[in-house]
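Below: the structure, in C-alpha cells.
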Amino acid sequence: MHTWTNTQNEGWFRVAFDRLQIPYDYISDQKLRATANLRDKWDVILFGPVGGTAQRIVNGLPMRGDPIPWKNSDTTPNLGSSPDTTDDMRGGMGLEGLVNVARFIDAGGLFITITGNASIPIDYGIIEGVAIASTPQLRASGSVIDAVIADKRQPDCLWLRGQAGRLLQPGAGVFGECRRGIWWRRAWRITGIWPSDRPRDAGRSRHSARTPLADGLSAGRAGRTSGCSGRGAPLPPELRPRVVVRFAGEKDLLVSGMLAGGSELADQAAVVDVPRGQGHVLLFANNPMWRNETQGSYFLLFNAMLNFDHLGVGR
C-alpha cells in the first residue's frame with residue numbers, strides 16, 4: 001500500500017517483490033477508506049515507508065483547490081503505464097480507513113508498518129502497549145548495527161543498517177495506562193542488512209543479559225509509562241506486544257560505521273508483533289527492504305507474510 005504524498009520509498013518494496021516474482025495488489029491508502037471489508041480481499045496489508053506525522057499521513061494531501069489526477073490524459077499521456085491511478089490524489093485513508101483497518105485486523109488480517117508509519121496504529125489507538133521512544137542523542141546513519149532474534153531460546157545474530165527515523169518502545173502501558181495518557185515522541189529508525197561475510201559465531205554469546213519476560217518484554221522496561229500513579233487494568237498476556245528482534249547491548253552494538261548516543265539504541269526493539277482480535281500488527285523500526293541493499297532481512301517480511309495466521313504460535 002502506498003500514499004499519494006510519496007511513492008518513492010515504498011517503490012523499493014515493489015522492486016523487491018517484482019524481482020522475486022511475488023504476486024501482490026498495489027493500492028493507495030484511499031482504498032482503505034473505500035473498502036469496508038478489507039479482509040475479504042487480502043490476508044496481509046504491507047504499508048510501505050512514508051514520511052510525515054500520523055495525522056498528515058491519515059489525512060493525505062489537503063483537500064484544497066482543484067482535484068489532482070494521476071492518470072493518462074491528453075495532458076499527461078505518459079501516465080498510462082502507472083501501476084496505480086486516481087482521479088484525485090488529495091485526501092488519504094481518513095478516519096474511515098482507520099476503522100476499516102481495525103476491522104481487518106480483528107478479522108484475522110496482518111497489518112505491517114515500516115519505520116515512521118508505526119505511529120498510525122499507535123497514535124490512533126489501534127494497538128496498545130507500544131510507544132514511539134525519544135532518542136535525541138542517537139546518530140547512526142548508514143551504520144551496520146548488531147541485533148538479536150529476541151523470541152528464540154538460543155539467540156541468533158542479525159546485522160542492521162542504521163538511518164535516522166523512529167524507535168519503538170514496547171511495554172508502555174502494558175501494566176496499566178496513565179489516566180491522563182502517555183506522551184509519544186519522535187525518535188530514530190534503523191534499516192536492516194545481513195552481510196554475507198558475517199562470522200558464524202558472531203553474537204551468540206556476547207549480548208547483554210537483560211531478563212526477558214514471557215511475552216518478549218524485558219524486565220525494567222515493561223512497566224515504563226509516563227510515571228503517574230493513576231492506572232487502568234493491565235493488558236492480558238495474550239494481547240501484550242512481543243519483541244521479535246532486539247538491538248544488541250551497547251558494547252556490542254556497532255559493527256561498522258558511525259554511532260553516537262548508542263546507549264539510547266541498546267537493547268531496544270527493532271521488530272514488534274502486537275496481537276489484536278484474531279489478527280496482528282507487525283511494527284518495523286528498521287526498513288527491511290532498504291533500496292534493494294538489505295536482501296538478508298527480506299525474510300523478516302516473508303516469514304510474517306507466509307505465516308500471517310500463525311503468528312501467535314508459542315506465545
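The values are calculated or read from the model by the stated rules, or taken from the named source; none is laboratory data. All of these numbers come straight from a predicted model, not from anything done at the bench. Glycine also receives a Cβ, built like all others from the backbone with ideal geometry; neighbour counts cover every protein chain displayed. Please note that ligands, DNA and RNA were not included when accessible areas were found on the heavy atoms of the full protein model with its side chains. Shrake-Rupley method; radii C 1.70, N 1.55, O 1.52, S 1.80 Å.
Close amide-amide hydrogen proximity is noted between K71 and T86, each under 5 Å apart and 5 or more residues distant or on a separate chain (H modeled in the peptide plane; Pro and chain starts excluded). Ordering 265-274, 134-143 by mean Cβ neighbour count within 10 Å, with the highest value first, yields 265-274, 134-143. Is segment 1-108 best put as rounded, prolate or oblate by its Cα gyration tensor, with a ≥ b ≥ c the root eigenvalues, rounded for a/c under 1.5, and otherwise prolate when a/b is larger than b/c, oblate when not? Verdict is oblate for segment 1-108. The HN-Hα couplings worked out from phi for segment 19-25 by the Karplus form 6.51 cos²θ - 1.76 cosθ + 1.60 (θ = phi - 60°) are 5, 8, 6, 8, x, 7, 9 Hz, whole numbers, x standing for Gly and Pro.
What the Cβ-Cβ distance of E238 and E96 gives, at R0 = 30 Å and to the nearest 0.05, is a FRET efficiency of 0.55. Rounded to the nearest 10 square angstrom, M289 shows an accessible area of 0 square angstrom against a 1.4 Å probe.
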